[in-house]
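Trainee: I'd like to ask you about the structure that follows.
Just so it is clear, none of the values below were taken in a lab; they were calculated from the coordinates. Note that the structure is predicted; figures quoted are calculated from it, not measured. Here the Cβ is made from the backbone with ideal geometry for all residues, glycine too, and neighbour counts use every protein chain on show.
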């Protein structure tokens, strides 16, 4: 199998390489102290442009956005740009695709590569024409002199030559006023194949001599295999091998249904010792409040507050464990031959996955290649990395064939890492003028990251924990501010005289937990914005004006004023009529996009129905307006599902949420009408929006329910967990 780099070297093209700035190992930034050289952009003699992505596409549209940046700086029609997805053999190493920072991280090098390519080609054209490069312009690759088309275009300049240039930092970028592609809504590159049923997802991937595998798992993470009998499974049709490695058990067969049937038969013959240490759902928050934990200060502001002059108000908010609940269960394909391992995966970081698999399997990292293929999005750390490690381990034990691992629905629901439950206690001192003077905030949570980050935390993958000679679990990780994990958005954006925020991070967690879209921001914004409404009610003040009075951020103020206008807030009905309007607002991580949401609901006999949502977003310079609106709309839909329905239930020995009946999600007929307004901030830097709407949506729903009924719901999900 030839590599992409070998293919490029055999074709006429102009390729750009760059040294990627470091990417860090938390859920946020770049990894310090480590750089790799990788291809970014290739201009082909056939009139096309290949953009090599370092960020993975999983439905968020990042490939289309980056392609717009490249087309803009190259002065090309957008349709010429093709996407090459992440492959550790040749792609830039941009670590993980997470935390709504893909545009910030991948956008600048993409623009610089395209701008440098344009400048280089124009200089070649200028040399050929005997004119100054500054006198030339470009229209869709055609070189113009004094506005007139010449006989020169990009493709004739390239010819049959293959050249490689190294990206330089000092590149002149196109000014905002000259944009013709950036700021326009273009059709997503990845959508047509999905709409017309073309093979688009990893689950569609079929490779030569492929065999199929199923992993057999116990009911809880810390269970140990004590009884093993493979006789029945080994005798079943098509079975090629039954694998036992410690408490890791799998079946490999010629056909998928054969592997599935044999795995079921094998599972009935296994005996597990189950520790029974999972928290009971009915006592979840008492468990979380009292489990072993470490307390870490998050934010502190000291100020003079006369406690006799304020009224203290307190409330408790709670969020359950929630699943990514990806529509397609995780899968992977791997092949091990001649000492080389190749893995096809839909995980969100191919380079970290490669390093993690190499560590777990004891391979040289140079002998491992990871190739990204899209699956249905998950926005966080679901089972993709684990399925990839499953496939890699089985390929090493069954070399020479492509080994495909497909998880079942119950595997996905019970073995993916969950978004952590959270328990939040908040108190505020409010004076007679309705001004919040003091703010005390304590949150209890499990960690919000356990991704395999290169060689760090690779031990968290299931195979590493179940295999013979299981790798010891790494220490609990805490993501510091300003990004935060459990405490993401735990520091209020509002201005108070005195602030004290603390997190209590559980250190003994008997179930898998990791990053779910937004990390702790969803619960923290739900709590803060619900509490702000409670305090506004005590102050007998409108929720908008109460928030505006406590804000100093000019862009936040402008956004709330716009949201008040577009939602027609001043004409909302009187409270207690069964129909309610609620407000929620935040700036994601207090340093990314601002989003405000007004939700209209009706409540009858405890049934909460979402009618419409009005949202306003300030994301700086917007590259693809439809793409941003889609992200905000999707965030509102997912958050509505979390807020009204989703929670993982446990008994002491097993998870009870195993399918769509036991873990229901929002149905199509329950989705509200959504209208998104984008602030005009083309003079500001672009910011990610993928995780910005979830917290405001949850608070807007809860506040709308209070406006409709006078009942304050503080425990998520709001339906079935009513608590005033």
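Trainee: Fewest first, what order do 650, 531 take by the number of other Cβ atoms within 10 Å?
Mentor: The most exposed by this proxy come first: 650, 531.
Trainee: Also, quick follow-up: Could you give the distance between the Cα centres of segment 550-623 and segment 362-390, to the whole Å?
Mentor: Rounded to whole Å, the Cα centres lie 38 Å apart.
Trainee: Can you check how the C-alpha radius of gyration of segment 463-597 compares to 2.2 N^0.38 Å, as a plain ratio?
Mentor: Segment 463-597 yields a ratio of 1.37.
Trainee: Related question: Work out the FRET efficiency for residue 364 and residue 661 from their Cβ-Cβ distance, taking R0 = 56 Å, and round it to the nearest 0.05.
Mentor: 0.75
Trainee: Moving on to the next point. Count the DSSP beta bridges whose two residues both fall in the chain, then state the antiparallel fraction as a percent rounded to the nearest 5.
Mentor: 75 percent
Trainee: Related question: Which order do 504, 423 fall in if you start with the one that has the fewest other Cβ atoms within 10 Å?
Mentor: The most exposed by this proxy come first: 504, 423.
Trainee: Extending each Cα 7 Å along its Cβ direction at residue 711 and residue 180, get the distance between those two points in nm, one decimal.
Mentor: Computed distance between label sites residue 711 and residue 180 equals 5.9 nm.
Trainee: Suppose only helical runs count, i.e. DSSP H with n ≥ 4. What mean residue ellipticity at 222 nm does that imply for the chain under -39500 (n - 2.57) per run, divided by all residues and rounded to the nearest 500 deg cm²/dmol?
Mentor: After summing the helix terms and dividing by residue count, I get -8000 deg cm²/dmol.
Trainee: So, by mean Cβ neighbours within 10 angstrom, what's the order for 226-235, 253-262 with the highest one leading?
Mentor: Descending packing order for the listed peptides: 253-262, 226-235.
Trainee: Starting from 0 in steps of 10 Å, tell me what percent of the Cα-Cα pairs of segment 200-241 lands in each bin.
Mentor: 18, 36, 32, 14, 0
Trainee: Shifting gears a bit: Considering only C-alpha atoms, what is the centroid distance from segment 138-208 to segment 281-299, in Å?
Mentor: 51 Å
Trainee: Using 1/(1 + (r/R0)^6) with R0 = 35 angstrom and r between the beta carbons of residue 165 and residue 555, what's the FRET efficiency to the nearest 0.05?
Mentor: After rounding to 0.05, the efficiency reads 0.35.
Trainee: Counting each pair of different Cα atoms once, what's the Kirkwood radius of the chain in Å, rounded to one decimal?
Mentor: Value: 27.2 Å, from the Cα pair sum.
Trainee: State the extension gain, in nm to one decimal, for the chain segment bounded by residue 673 and residue 286, taking 0.36 nm per residue of separation less the distance between their alpha-carbons.
Mentor: Gain on extension, residue 673 to residue 286, equals 135.6 nm.
Trainee: In which sequence would 519, 644, 167, 473 go, from the one with the fewest C-beta neighbours within 10 Å to the one with the most?
Mentor: 473, 167, 644, 519
Trainee: Round to a whole angstrom and tell me the spacing of the C-alpha centers of segment 410-466 and segment 669-704.
Mentor: Between the Cα centres of segment 410-466 and segment 669-704 lies a distance of 22 Å.
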